[in-house]
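The values are calculated or read from the model by the stated rules, or taken from the named source; none is laboratory data. The shown structure was predicted, so the numbers you read here are calculated from the model rather than taken from an experiment. Here the Cβ positions follow ideal geometry from the backbone for every residue, glycine too, while neighbour counts run over all protein chains shown.
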Amino acid sequence: MYFPSDFRWGTATAAYQVEGNNVNSDWWDWEENGRILQNHRSGLACNWWENAEADLDLAAAMGTNAHRLSLEWSRIEPEPARFDTEALDRYREILQAMHDRGIEPMVTLHHFSNPRWLVEKQDFNAAIVVDYFQRYTARVVEHLGDLVAQWVTINEPMVYIFMRYLERVFPAPSRPGFWGGLQAGANMLRCHAAAYHTIKEAYPAAPVGVAKNLACLDPKPNAGPLARWWAGRLSWLYNDAWLDCLVNGRLRWPFGRGKIPGLAGSLDFLGVNYYTRFYVKFPPLGGLLHEGWEADAVVSDGNYGEIYPKGIYRVIKQALRYNKPIYVTENGVPDAADRLRPGFLISHLREIWRAISFCYPVMGYYHWSLIDNFEWDRGWTQRFGLIELDVATQARHLRPSAHLYREICQSGCLNSDMTARYAPDLLPVLFPGQAPSPA
């Protein structure tokens with residue numbers, strides 16, 4: 001199963017999760033106040049601020065040609081309107097190190113983490129956040145723009161809203177709840193529009209997009225018509241509502257009403273983050289999702305999610321409605337033992353190959369994650385990395401899935417031999433009637 005010769009084979013990380021000692025972030029404050037798992041602190045994290053180049057060496061050795069990373073706003077602007085030139089210079093070093101290794105950078109401006117001072121000014125609930133975000137973007141573009149191949153303005157806006165405003169397992173804003181979340185969602189659209197045009201004024205040819213988590217929200221098998229209707233409504237709200245506003249430039253229910261200047265057409269590509277599917281129930285008493293999956297489902301560490309490869313094909317097909325190039329900007333599984341990840345990689349990439357074979361415009365794949373990192377409210381309990389990290393010693397170890405990914409990246413294909421060696425259970429499913437090649 002061959003992929004196009006110009007396909008981008010990448011990995012992904014987020015600044016707060018890998019850099020370490022992001023003391024000016026609202027997440028650091030959240031940790032200090034004991035709001036995450038006991039005895040779990042980000043601390044040094046993966047020490048990227050001091051030594052990102054070591055992991056970029058490993059990424060290059062895997063044969064990857066792209067990496068998605070984010071910038072930490074709280075480092076760059078630790079106080080309102082005071083920008084840290086040394087921090088910007090360090091990001092420039094990291095981006096240059098990527099180019100030196102043949103790795104194309106995709107840079108995310110906002111990935112869940114805020115400066116503490118922004119929270120004091122009401123986070124994304126205050127209209128002034130648009131001016132702050134535009135100011136931050138302008139300084140970043142001025143200092144780093146010549147090294148950035150592609151830009152993502154905002155990562156997973158609906159996850160941000162859901163986890164902060166509704167579930168409150170992320171740092172809680174000053175105005176939590178459903179309506180506060182919708183107000184934040186509208187301001188995130190305004191921030192995206194401001195950032196898009198700020199980037200385009202300096203670098204008109206630079207592609208700018210968003211990274212949107214798309215999930216398969218299904219009724220339970222044999223569910224009644226009300227459950228099917230409810231699943232469709234939730235899927236539209238979670239997957240489509242925010243993007244629809246972005247594409248047509250107008251706020252619509254539930255985010256409000258009216259036109260946002262500069263928003264229409266401010267999308268050059270769509271980043272799709274896909275992990276799993278959920279079953280929804282009706283009536284939604286006690287939460288929107290069922291607590292479990294079907295009895296035969298394969299579920300990842302910590303009951304994080306069902307391994308459902310067909311879902312990535314479904315969400316890619318769903319994304320076609322936006323008529324833009326598509327990048328899979330996150331896709332991965334928490335699996336400390338690396339028991340599931342090899343099969344996860346092969347089966348999900350097979351579905352991406354299937355989408356490409358139908359001429360769906362999937363341009364690249366960024367696996368989450370390059371290395372085990374600090375997983376937000378879950379701390380160090382879930383390991384997504386191709387590279388295993390010993391948090392105490394900072395030692396690295398390539399998991400078997402990293403060696404598999406290297407073979408895929410270097411060959412640009414999936415084949416029966418690698419499937420037989422890394423995920424033999426998939427061989428009769430993906431390559432029926434074929435035996436592995438002789439050693």
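Some points to look at:
- Of all residues in region 24-42 being touching an Asp or Glu at 6+ places or on another chain (Cβ under 9 Å) and not in a helix (DSSP H, G or I), the one that is nearest to Gln410 (Cα to Cα): Ser42
- Of all positions in region 393-402, at least one carries a residue that is out of contact with any Lys or Arg (no Cβ under 6 Å at 6 or more places or on another chain) and within 20 Å of Thr329 (Cβ to Cβ).
- Filter result (hydrophobic (A, V, I, L, M, F, W, C), within 24 Å of Gly34 (Cα to Cα) and out of contact with any Pro (no Cβ under 8 Å at 6 or more places or on another chain)) within region 374-405: Phe374, Trp376, Trp380, Leu389, Val391, Ala392
- Meets criteria (touching a residue at least 12 places away in the same chain (Cβ under 8 Å) and under 20 Å from the mean Cα position of the chain (by Cα)) for Asn239: yes
- Condition check for Ala206: surrounded by 22 or more Cβ atoms within 10 Å (Cβ to Cβ) and within 27 Å of Ala138 (Cβ to Cβ): no
- Taking the listed residues Leu426, Leu404, the one that is over 30 Å from Cys46 (Cα atoms) and either in contact with a helix residue (DSSP H, G or I) (Cβ under 7 Å, 6 or more places away or on another chain) or not in a helix (DSSP H, G or I) (or both) is Leu426, with no other qualifying.
- The lone criterion from (1) within 18 Å of Leu69 (Cβ to Cβ); (2) touching a Lys or Arg at 6+ places or on another chain (Cβ under 8 Å); (3) touching a residue at least 60 places away in the same chain (Cβ under 8 Å) left unmet by Gly145 is number (2).
- Residues of region 344-390 classified as assigned to a loop (DSSP other than H, G, I, E, B), touching a residue at least 24 places away in the same chain (Cβ under 8 Å), farther than 24 Å from Gln150 by Cβ and more than 16 Å from the chain's Cα centre (by Cα), total: 3
- Single condition Lys121 does not satisfy, out of (1) among the basic types (Lys, Arg); (2) surrounded by fewer than 21 Cβ atoms within 10 Å (Cβ to Cβ); (3) within 21 Å of Asn239 (Cβ to Cβ): (3)
- Complete set of residues in region 292-311 that are closer than 18 Å to Glu351 by Cα, touching a residue at least 40 places away in the same chain (Cβ under 8 Å) and of a type in the set (D, E, K, R): Lys310
- Among residues of region 312-336, those that are in contact (Cβ under 8 Å) with a residue 12 or more places away in the chain and out of contact with any helix residue (DSSP H, G or I) (no Cβ under 8 Å at 6 or more places or on another chain), counted: 8
- The single condition among (1) within 29 Å of Gly10 (Cβ to Cβ); (2) part of a loop (DSSP other than H, G, I, E, B); (3) at pLDDT 95 or above that Pro261 does not satisfy is (1).
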